[in-house]
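Enquirer: The structure is given below, and queries will be raised subsequently.
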Amino acid sequence: MGVDGDGVDEPGWELDPDDESGAAVIATVGRQLRLWREAAGLRAAEFGTAIGYGEDLVYKVEGGRRIPRPEYLDKADEVLGARGRIAAMKADVAEVRYPKKIRDLAKMEAKAVELLVYDNHTVHGLLQTEEHARALFEMRQPAYSQDEVERWVAARMARRSVFARDPAPALSFVLEEGPLRRRIGGTMVWRRQLERLLELGELRHMALQVMPMGCEVHAGMDGGIEVLKFGDGAAVGRSPGAFSGRPVSDPKQLRILELRYGTIRAQALSPRESLALIEQMLGET
């Protein structure tokens, strides 16, 4: 994870220029690293060599222009004799390493007691395997850099902690059959994704349904739907085909989204039928 054979830096994570709060944290971490390095009497190039990174990356991290990876902080702590004080910054960095909109979404998902999701063109991000997510991000156009791909994949995987919460939230997902048959990433990646869906579908607090391609009446033609409900009775929802795609929390608007979602669920296969269909897809390879 340091410098490769050609002396090229293994990058940290790029900083989102619109993320003011994250930028402030990374700038503070960078200043602290520079102060520790200077107190140790090391030049940037010497310090980079000692921790296995290039001088350019050291300057970017210290200047708050690059988010340091956890191993960078661990090595810096060891080389500078910080006795855990630099390594402790990993917790602060972890809070801002993902794009702001993903952090905001993850915070809401972490508070939700019920989550209703209809995804009409792919496997929803919370349900994706790491391989499937990476394949999707690598297909984006304009193309992401590999650094951006890894950052988005890591952010998506971090959101899966919703499945480990205790008490567990009530989760309901409806996916389209068509995208489940599309072998994104190749046959093995696709198979592991279907196997992951079967595992999740067995969770007691999870209802996973599939909208079959043969369904002649479909209430979800206006796009996906996502509704998060919270313990205090509040809720927030969004659908590209309603209210100009804006997140809404007004009860009247939420009722429209819930009505559409309820109709979609009624038109989809039952959870048991859905799992049987996914098993059938696996058996077709």
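Enquirer: Counting only residues that are in a helix (DSSP H, G or I) and in contact with a helix residue (DSSP H, G or I) (Cβ under 9 Å, 6 or more places away or on another chain), which one in region 248-271 is least open to solvent (accessible area, probe 1.4 Å)? Walk me through how you get there before you give the answer.
Expert: Going residue by residue through region 248-271, those that are in a helix (DSSP H, G or I) are 251-267, 271.
Checking which are in contact with a helix residue (DSSP H, G or I) (Cβ under 9 Å, 6 or more places away or on another chain) leaves us with 253, 256-257, 271.
Working: 253: 52, 256: 73, 257: 1, 271: 55 Å².
Among them, the one singled out is 257.
Enquirer: Kindly indicate whether any position in region 95-110 is surrounded by fewer than 18 Cβ atoms within 10 Å (Cβ to Cβ) and farther than 30 Å from residue 179 by Cα.
Expert: yes
Enquirer: Still on this structure: Quick one: in region 9-31, of everything that is in a loop (DSSP other than H, G, I, E, B), more than 18 Å from the chain's Cα centre (by Cα) and over 12 Å from residue 60 (Cα atoms), which residue is modelled with the highest pLDDT?
Expert: 18
Enquirer: Would you confirm whether or not region 135-143 contains a residue that is among the small types (Gly, Ala, Ser), under 26 Å from residue 233 (Cβ atoms) and touching a residue at least 12 places away in the same chain (Cβ under 8 Å)? Talk me through it step by step, then tell me what you get.
Expert: We begin by selecting, within region 135-143, every residue among the small types (Gly, Ala, Ser); these are 135, 143.
Retained after the next criterion (residues that are under 26 Å from residue 233 (Cβ atoms)): none.
No, region 135-143 has no match at all.
Enquirer: Report those helices (runs of 4 or more DSSP H) wholly inside region 113-218 carrying at least 1 residues which are surrounded by 14 or more Cβ atoms within 10 Å (Cβ to Cβ) and over 18 Å from the mean Cα position of the chain (by Cα).
Expert: Working: elements: 130-138, 146-158, 177-181, 187-201.
Filter on region 113-218 gives 177-181, 187-201.
Enquirer: Residue 243 is checked against (1) surrounded by 15 or more Cβ atoms within 10 Å (Cβ to Cβ); (2) touching a residue at least 12 places away in the same chain (Cβ under 8 Å); (3) not hydroxyl-bearing (Ser, Thr, Tyr) and fails just one. What number does that condition carry?
Expert: With (1) surrounded by 15 or more Cβ atoms within 10 Å (Cβ to Cβ); (2) touching a residue at least 12 places away in the same chain (Cβ under 8 Å); (3) not hydroxyl-bearing (Ser, Thr, Tyr) applied to residue 243, the lone miss is (2).
Enquirer: Quick one: how many residues across region 202-235 are closer than 18 Å to residue 125 by Cα and touching a Ser or Thr at 6+ places or on another chain (Cβ under 7 Å)?
Expert: Number of matching residues: 7.
The values are calculated or read from the model by the stated rules, or taken from the named source; none is laboratory data. Owing to the predicted nature of the structure, the values given are computational and were not obtained by experimental measurement. Neighbour counts are summed over all protein chains in view; Cβ atoms, including those assigned to glycine, are modelled from backbone coordinates with ideal geometry. Accessible surface areas use protein heavy atoms only, side chains included; no ligands, DNA or RNA. Shrake-Rupley method; radii C 1.70, N 1.55, O 1.52, S 1.80 Å.
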